[in-house]
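Single-structure report; data block below.
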Amino acid sequence: MITDNYLEVRKKIDETCEKIGRNPEEVTLIAVSKTKPLSDIEELIKIGVTEFGENKPQELKTKYENVSQPVHFHQIGHLQTNKIKYIIDKCVLIHSVDSVHLAQAIEKEAEKKGIDSVDILIEVNYAQEESKFGLNKEEVIDIIKEISSTCSHLKIKGLMTIAPFVDNPEDNRVIFKGMKQLSLDIISQNIHNVDMSVLSMGMTNDYLVAVEEGATMVRVGTAIFGERNYNI
Ligand SMILES: *Cc1c(COP(=O)(O)O)cnc(C)c1O
């Protein structure tokens, strides 16, 4: 079931890319396995899936340590500074950097552990929802400049956003468009140690619209693994 779901989501991404003239290889599908058992991950590993997203640092760590073969874990959920130590050497990309303070704490931990380079994304709360983490779009460029000039171990690979939950995914198109434009604005600033190769946006509800607007990573949980139960 999970395998079929994954292949179905992948197929829809590929078809959307073909429709708009994008190379499907530009879009990485991250299977968001948060709250789901390791056996679900193992099922996808059997068909060659390598990219998994987790919200909680301890959960990422446990899964990393117990998975049958090496795969890439992405830290997609909010990260508190005291949890950096669990994931810094275990995740391929931290999607949720939303302050200079957090970036500098990651920098410090990287130095301490002798890690040369940590790939991060800057989380933008594009719709300025009060319930969500992430920077306001107006402050993104200044904060990226500050992180770039103070954190030599960090590589800013792009931007991430969690769009609002909407009934009609078309309602989020304007947000995805805005994120793409913001990433172009940042590229034009030529900031040291910053490239904008990654645009992480789109979830179960709206990933195809995100792909149409330039997402290079979509984070899909429910459509692959089914509904989550947070009480277990
Ligand atoms: C849970 C989560 C997702 C996946 O959400 P679905 O709607 O289940 O696809 C994506 N990104 C982040 C940051 C999440 O926390």
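The values are calculated or read from the model by the stated rules, or taken from the named source; none is laboratory data. This one's a predicted model, so the numbers in the text were calculated from it and none came from an experiment. Neighbour counts are summed over all protein chains in view; Cβ atoms, including those assigned to glycine, are modelled from backbone coordinates with ideal geometry. SASA here: full protein model, heavy atoms, side chains in, ligands and nucleic acids out. Shrake-Rupley method; radii C 1.70, N 1.55, O 1.52, S 1.80 Å.
Summary of computed values
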item	result
Charge dipole (the chain, unit charges on Cβ, about Cα centre) - positive-most of I162, M179, N193	N193
Region 92-121 versus region 151-172: alpha-carbon centroid distance in Å	18 Å
For region 43-90, with +1 on Lys and Arg beta carbons and -1 on Asp and Glu, the positive-most of P70, Q80, I47 along the dipole	Q80
Table column - 3J(HN,Hα) (Hz), region 199-211, Karplus curve with 6.51, -1.76, 1.60, x for Gly and Pro	10, 9, 7, x, 10, 2, 6, 9, 5, 6, 5, 4, 4
Under 5 Å, built H, 5+ apart or other chain: amide partners of S96	L121
Mean residue ellipticity (222 nm) of the chain, computed from DSSP H runs ≥ 4 via -39,500 (n - 2.57), nearest 500	-11500 deg cm²/dmol
Karplus 3J(HN,Hα) series, Hz, for region 105-117 with 6.51 cos²θ - 1.76 cosθ + 1.60 (x for Gly, Pro)	5, 5, 4, 5, 5, 4, 4, 4, 8, x, 9, 5, 8
Accessible surface of the chain [probe 1.4 Å, protein heavy atoms]: carbon and sulfur percent	49 percent
If the convex hull is drawn through the Cα atoms of region 45-194, its volume per residue in Å³	133 Å³
Surface accessible to a 1.4 Å probe, per residue, for the residues of region 165-232, Å²	49 Å²
Solvent exposure of region 19-106 as accessible area per residue, Å², 1.4 Å probe	43 Å²
Charge dipole (debye, nearest 20) of the chain; +1 at Cβ of Lys and Arg, -1 at Cβ of Asp and Glu	520 debye
